[in-house]
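Written below as structure tokens is the structure these notes are about.
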Amino acid sequence: MTEPAAPRQTETYSYLGPAGTFTEAALKQVPEAAGHDWRPVNNVGEALADVTSGRSIAAMIAIENSIEGGVSATQDALATVPGLRIVSEVLVPVNFLLVARPGTALADVRVVNAHPVAYAQSRGWLERHLPDHGHLPATSNVQAATSLFEPGSNADAAVAPPGIVDRLEVDVLAEDIGDNPNAVTRFVLVSRSRAIPPRTGADKTSLIVELPDDEPGSLLAMLEQFSTRGVNMSLLESRPIGDELGRYRFVVDLDGHVEDERVADALLGLRRFSPNVIFLGSYPRADRREVEYHSKYDDEIFIEARDWLRGILSGEPDV
């Protein structure tokens, strides 16, 4: 008799909830997450704690927005929580609705509930159409809308994602209220896996780097590790280390994969230079755009240079 197939093991993925957030929309773009349990959490710290404790196999978190820049809570968490790696990234277009309890008109709105990032991205529209409005911050875009129905709510309307109409009985007072129709949020899937996704030619490498000291030229010396090897940076942001004034770490995204010779050589130089380099991962770019670089930084150039030096040290005759 044929043995029955073993049931598929269910794994858990964490994301910033509740259901209906842009983070959930990002997780829906991850094929390997389909069919598994998805756990909504309240903040980035909780999502990463799920991963480090083994409760979840991975967590989807926002790391950068095309309007607001880097998400500081995520950057700081990745700098201080050890053992994490970024294994993939996805991009989610961002726009918002203004919603209210049924029967509410735009003229009735005095107070708007909104997540601070969503509020910043729709503030221009709100100030034009509701010049005297007040703002109540929410913990998420979905929570901004659900809180309208909580007892004692002081908000008349909420800035919410388009999918909210599938989850709540709300009136849509306005659509597409984002100030920039091209706004995009970049999300990363973070896990404890040490396996590095194979290079594709359209890759990104993420790091967090501390400067060795606070003296003139330190930042330039760090940047030269990349420029002299033809490695482009697509992101460079500073975050305070927190131990004293004037001490910063840098969040860096590089165009390329750690298996690319030019990137690997830059990391070696960086390691010699910096007292603390955190390798967050090499992974395919969400836009699948192939990385371009000058031919003088081809892998073969670095390999030939190492072979040349090896020949000198081993006493091989000149050719």
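The values are calculated or read from the model by the stated rules, or taken from the named source; none is laboratory data. Fair warning: this is a prediction, and the values are worked out from it, not measured in the lab. In this analysis, Cβ positions are derived from the backbone assuming ideal geometry, glycine residues included, and neighbour counts consider all displayed protein chains. Ligands, DNA and RNA are stripped out before the accessible areas are found, and what is left, the full protein with its side chains, is counted by its heavy atoms. Shrake-Rupley method; radii C 1.70, N 1.55, O 1.52, S 1.80 Å.
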Legend entry - Selection within the stretch 74-110 - of a type outside the set (Val, Ile, Thr), without any contact (Cβ under 8 Å) to a residue 40 or more places away in the chain and open to solvent by 70 Å² or more (accessible area, probe 1.4 Å): Pro82, Ala107
Legend entry - Among the candidates Leu189, Leu168, Leu173, Leu207, residue that is buried (at least 16 other Cβ atoms within 10 Å of the Cβ), hydrophobic (A, V, I, L, M, F, W, C), assigned to a loop (DSSP other than H, G, I, E, B) and touching a residue at least 60 places away in the same chain (Cβ under 8 Å): Leu168
Legend entry - helices (runs of 4 or more DSSP H) enclosed by the stretch 210-319 - at least 2 residues per element that are of a type in the set (Asp, Glu): 261-273, 299-314
Legend entry - Boolean, Gln121 is within 30 Å of Asp299 (Cα to Cα), part of a helix (DSSP H, G or I), touching a Phe, Trp or Tyr at 6+ places or on another chain (Cβ under 8 Å) and not hydrophobic (A, V, I, L, M, F, W, C): no
Legend entry - Which numbered condition Ser153 misses (of (1) touching a Pro at 6+ places or on another chain (Cβ under 7 Å); (2) surrounded by fewer than 22 Cβ atoms within 10 Å (Cβ to Cβ)): (1)
Legend entry - From Arg247, Arg271, Arg310, residue being more than 24 Å from Arg186 (Cβ to Cβ) and over 25 Å from the mean Cα position of the chain (by Cα): Arg310
Inset, instruction - Please determine, by comparing only the residues of the stretch 279-319 that are in contact (Cβ under 8 Å) with a residue 60 or more places away in the chain and among the basic types (Lys, Arg), which one is least open to solvent (accessible area, probe 1.4 Å). - result: Arg285
Legend entry - Identity of the residue in the stretch 20-58, outside any loop (DSSP other than H, G, I, E, B), among the β-branched types (Val, Ile, Thr) and touching a Ser or Thr at 6+ places or on another chain (Cβ under 7 Å), that ends up most open to solvent (accessible area, probe 1.4 Å): Val44
